[in-house]
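The next block holds one structure in the form of structure tokens; read it before the comments.
The values are calculated or read from the model by the stated rules, or taken from the named source; none is laboratory data. On a predicted model such as this, the values are computed, not experimentally measured, just so you know. Neighbour counts are summed over all protein chains in view; Cβ atoms, including those assigned to glycine, are modelled from backbone coordinates with ideal geometry. Just so you know, the surface numbers come from the protein's heavy atoms only, side chains and all, with ligands and any DNA or RNA stripped out. Shrake-Rupley method; radii C 1.70, N 1.55, O 1.52, S 1.80 Å.
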Amino acid sequence: GAVWYSYRASFDVKCGMDFSEMPWDTQECYVRLVAADEHSRMTLALGDIAGGDAAYYERNVYNTPQMHHLMSSTEWECTEIRGRNGTGLAGRLFASSKDYVELVFTFERRSAWYANNVVRPTILLVAISWLSFFISRTAVPARVAMTLICYLTLSNLNSMVSASLPKLSYYVRLLGLMTA
């Protein structure tokens with residue numbers, strides 16, 4: 001007869017991310033688990049309840065507030081988890097057809113921290129530096145000091161945000177706002 005064997009596993013998974021819309025970005029991470037050999041079957045518990053209705057299972061097990069809370073962090077919120085079973089994964093890595101399970105996790109950045117600690121101060125500092133145009137031309141030290149302090153503070157904020165990112169070769173919206 002057949003034996004159904006299941007166990008709970010914990011994985012650390014790396015996900016390629018696009019930070020160009022930071023801090024208002026949404027990321028999708030794809031995870032594919034493949035059966036060990038052609039005799040093993042990989043199956044996600046889709047359709048085992050409610051008469052085989054996979055949508056019911058996704059809606060009531062994967063996409064519950066409790067599951068999203070477990071998958072979230074202080075910076076990212078898990079907004080959706082999708083899964084599907086598949087077979088026929090053959091190609092460069094596998095000589096024969098394999099069963100697999102594919103999961104897609106959707107994460108949305110919690111942008112309130114960036115709005116409160118980076119975006120608003122940036123707008124305020126730019127506004128303060130523009131106020132230097134309304135100071136008398138004869139008060140050169142005051143104008144220079146006001147502009148220089150704003151510039152140094154913006155430079156420090158920019159460095160803080162850059163330090164939290166990997167080395168990127170493309171435009172990041174938040175850094176563009178700070179340097180424009």
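Just to verify a result, which residue in region 108-128, among those that are of a type in the set (Gly, Ala, Ser) and not in a loop (DSSP other than H, G, I, E, B), is farthest from Leu154 (Cα to Cα)?
Just the residues of region 108-128 that are of a type in the set (Gly, Ala, Ser), to begin with: 111-112, 115, 127.
Right, trim to not in a loop (DSSP other than H, G, I, E, B) and you get 112, 115, 127.
Working: Ala112: 19, Ala115: 15, Ala127: 12 Å.
Once the filter is applied, the top-ranked residue is Ala112.
Under the condition of being of a type in the set (A, V, I, L, M), closer than 20 Å to Met22 by Cβ and assigned to a helix (DSSP H, G or I), which residue from region 131-171 is least open to solvent (accessible area, probe 1.4 Å)?
Val161
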